[in-house]
Amino acid sequence: MHVLHRDAPSTGIGNDSGGQTPHAWEGMNYAPVTPEVTTALEAILGSRNVATDLEKREAYSYDEVAKQFWEEPHLAEVVVFPETTEQVSALLSFANERHIPVTPRGAGTGLSGGAVPACGGIVLSFERMNRILEVDTENLTITVEPGVVTAEITKAAAREGLLYAGDPCSGDASFIGGNVAENAGGNKVIKYGPTGASVLALEAVLADGSVTWFGGKRRKDVTGYDFAHLLVGSEGTLAVITKIILKLLPLPARVVDLLVPFPDTESAVTCASKIMTEGKILPASVELMDHRSISLTERFLNTRLPGSDAGAHLIIQLEGNSAELLADEYERVGDLCRKWGALEVFVADNRNSRDKLWKARKSIAEAVIAFYSKYSKEDVVVPTSAVPELLKALGDICARRGLETVTFGHVGDGNMHVNLLFGEDRQNWKETMEEARRELYTVTQQLGGTLSGEHGIGLKRKKYVSHFLDEAQIALMKRIKLAFDPKGILNPGKLVV
Ligand SMILES: Cc1cc2nc3c(=O)[nH]c(=O)nc-3n(C[C@H](O)[C@H](O)[C@H](O)COP(=O)(O)OP(=O)(O)OC[C@H]3O[C@@H](n4cnc5c(N)ncnc54)[C@H](O)[C@@H]3O)c2cc1C
C-alpha cells in the first residue's frame, strides 16, 4: 500500500410487547415431532439426513444474534439435511399435512434470528445441497443449489473471467440461499445492488410440496407477477428456495482500493457522499470504519492498518479496465477526499494490500462477537444525505446512556451497522439496550430511514415493523403469507406473522 501524493419529527417508537410463544403463533397450534414423525422423516430423507440428538438440535437453533438476547431458549425438535429438491418437496408436503413448523436454514450467519426455530418443529438445513450446477458463459449466468457458500460462487465466476457482484462481509461462510432469503447487501451495493439484483430465477418448493420455477435465464421478464423477487428477502416465510440462477458480469480488469483516514467520523461521512454527488464518480464500494471499529478489528486480527490512530476511515473501491483511466479516477477521488478533510490517502493496488484492507473491514462484525457476549447489532438505513445527522443523534443517545458503540458499514448506500455493546458486568443491560434501540429507530424514522437495510427482520426486529410499515401494507403482507402458506408452517414467528 502506498500513499497517494498530490501532483496535483417524531412519531416516537414505544415499548410494545410483540413477544413470542413457543408452539403457538397468532392462534396457530403446531403438532409436535413425535418418534413416529421422526421415523416418517427418515423414510423421506434417509436416516443419515435426520438428526434428533440434543447437541445437533442446539447447534442448529441459533444464528449470530447473541444468545443472551433471547428471553427464552429456542430449540429445534429435529434437524434435517435434504440432498435433493424431491426430498424437500416430500418433506414440506408431509409437514404441511401434519401441521409441523419448518424453519429453513443456511449457514446460520444471520443477524436477525431468521433461522431460529421460534416454534420448534423441523429445522431444514441446506448444507448438503451445495453444488454449483452450471456456469453458463454464453448467457452469463451461474446456477447453484442454496447451500453453496457465497465466496465459492465468486471464485467459480472469476475462474471464467466473470463477476458475481454479491459481496456480503460474511461471504466466506454464508450460503447463497440465506443471501437470497435476506436480500443480503454487502460492499458493492452502490454499484451493483443487493443480492436480489443478481437473481434471475429461483426454483421454489411451496408449503404444500409443489415445485415451481420463478423466472429464467432472462434479463427481463414481465410475464406475470415477479414472484422471484417477492421471494427475495422473504426470510423463508413464503417458500423454500432449492435452486438459484444468478446473473454474472464481465470481471473488471483492474481494481484499486483507497484507505482514507479522517480526523473524525463526521468528516468521513460528509466526504463519502461527495464522491458521487460532487465527483460524479461511481465507486464499487464506499465503506466507513469508525475509530473503535478499527481498534477492535486490529486487536482481533493482531494487525495494524495505515493511519489507524485517525478518527475514522473510508475504504473506497474503484474498478475499471484501463490502468490510465483508473489512475486518473483515483487521483480525482484522492483530491476530493483531501478537500473534504482527509488526513492522507493510501492506495492499495495489489492483491496483498487489498486483501489486508478488506480482511480488516470484513472482520469487524466478527470481532464484536468475539469480544462481547452482550450486544445488539443494528442495521438501520437512511437516505445518504442524512447519515451525518443519524450518527450525531447516535452519539447523543450513547452519551446519555453511558453506552459503548462501534459503528461501521456501507456508508455509500446509507446503511449503518450500529453495534450497541455492554460489558459482562453491566446491570439491566437489556432495558438500556431496548431504550437505545427505540431511540435509534425513532431518529431513523424521522430521517426517512428504515429498520433494516440488509440483515432482515426475523425474530429480532419483528415487534418494530409496525412502526415502519402502515396497516394497509402489513395487512397485505399477511394476505400474501396466507396465499403462499395457508397453514402457516413456513418459518412461523418471523417478519409479520
Ligand atoms: C461477520 C458477519 C458479517 C456479515 N456481513 C453482512 C453483510 O455485509 N451484508 C449482509 O447483508 N449481511 C451480512 N451478515 C448477515 C448474514 O451473513 C446474512 O444475512 C446472510 O445472508 C445469511 O446467510 P446464511 O446462509 O447464514 O442464512 P441463515 O442465517 O441461516 O438464514 C437467514 C434467513 O434465510 C432463510 N433461508 C435460508 N436458506 C433458505 C432457503 N434455501 N430458502 C428459504 N429461506 C432460506 C432462513 O430461514 C432465515 O430466515 C453478516 C453476518 C456476520 C456474522
Rh by Kirkwood over Cα pairs, then Stokes-Einstein D for the range 132-250 at 0.890 mPa s and 25 °C, µm²/s = 175 µm²/s
Bin width 5 Å, alpha-carbon pairs only: give the P(r) of the range 296-388 as whole percents, running from 0 to the bin holding the largest distance.
-> 2, 10, 17, 19, 19, 17, 10, 4, 1, 0
Rounded to a whole number, what % of the accessible area of the range 252-359 do carbon and sulfur atoms account for, probe 1.4 Å?
-> 49 percent
Alpha-carbon centroid distance for the pair the range 341-390 / the range 237-288, whole angstrom | 12 Å
Modelled label reach - Glu344, point 7 Å along Cα→Cβ, the range 355-373 residues with backbone N closer than 16 Å | 357
FRET efficiency, 1/(1 + (r/R0)^6) with R0 35 Å, evaluated for Glu127 and Arg351 via beta carbons | 0.70
For the range 33-119, alpha-carbon Rg and Dmax in angstrom | 13.2, 37
First measure r as the distance between the Cβ atoms of Ala31 and Leu282, then evaluate 1/(1 + (r/R0)^6) with R0 = 45 Å and state the FRET efficiency to the nearest 0.05.
-> 0.30
Provide the per residue accessible area, probe 1.4 Å, for the chain, rounded to a whole number of square angstrom.
-> 41 Å²
Mind giving me the nanometre distance, one decimal, between the label points for Leu230 and Asp172, set 7 Å out from Cα along Cα→Cβ?
-> 3.9 nm
Quick one: how many Å² of Glu278 are accessible to a 1.4 Å probe, rounded to 10?
-> 80 Å²
Long-range amide H partners of Thr242 with built H, under 5 Å | Glu203, Ala204, Val205
Distance in nm between pseudo-label sites at Glu431 and Glu86 (7 Å out along the Cβ direction from Cα) | 5.9 nm
Between Ser322 and Ala158, what length comes free when the chain is fully extended (0.36 nm per residue of separation minus the Cα-Cα distance, one decimal in nm)?
-> 57.2 nm
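State which entries of Lys247/Lys481; Lys374/Lys463; Lys220/Lys377; Lys217/Lys280; Lys362/Lys494; Lys155/Lys247 exceed 25 angstrom in Cα-Cα distance in the structure shown. Before the final figure, lay out the partial values.
Working: Lys247/Lys481 28 Å; Lys374/Lys463 20 Å; Lys220/Lys377 36 Å; Lys217/Lys280 33 Å; Lys362/Lys494 27 Å; Lys155/Lys247 14 Å.
Pairs exceeding the cut-off: Lys247/Lys481; Lys220/Lys377; Lys217/Lys280; Lys362/Lys494.
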Calculate the radius of gyration of the Cα atoms of the range 365-497 to one decimal place, then report Dmax, the largest Cα-Cα distance, as a whole number, both in Å.
-> 16.2, 48
Distance between modelled label sites at Phe371 and Glu97, nm, 7 Å Cα→Cβ extension | 5.4 nm
Residue-level accessible surface for Phe126, protein heavy atoms, 1.4 Å, Å² | 10 Å²
Based on the alpha carbon coordinates of the chain, what radius of gyration and maximum Cα-Cα distance (Dmax) apply, in Å?
-> 22.8, 76
Using 0.36 nm per residue of separation minus the Cα-Cα distance, give me the extension gain between Arg401 and Ile480 in nm, one decimal.
-> 24.4 nm
Amide H of Leu343: which non-local residues (sequence gap of 5 or more, or other chain) have their own amide H closer than 5 Å, using H built in the peptide plane?
-> Phe262
Once the dipole of the chain is set up with Lys and Arg at +1 and Asp and Glu at -1 on Cβ about the Cα centre, which of Val102, Gly186, Ser295 lies farthest towards its positive end?
-> Gly186
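The values are calculated or read from the model by the stated rules, or taken from the named source; none is laboratory data. Everything quoted here is computed from the prediction, not taken from an experiment. In this analysis, Cβ positions are derived from the backbone assuming ideal geometry, glycine residues included, and neighbour counts consider all displayed protein chains. In case anyone asks, the SASA skips ligands and DNA or RNA and just uses the protein heavy atoms, side chains included. Shrake-Rupley method; radii C 1.70, N 1.55, O 1.52, S 1.80 Å.
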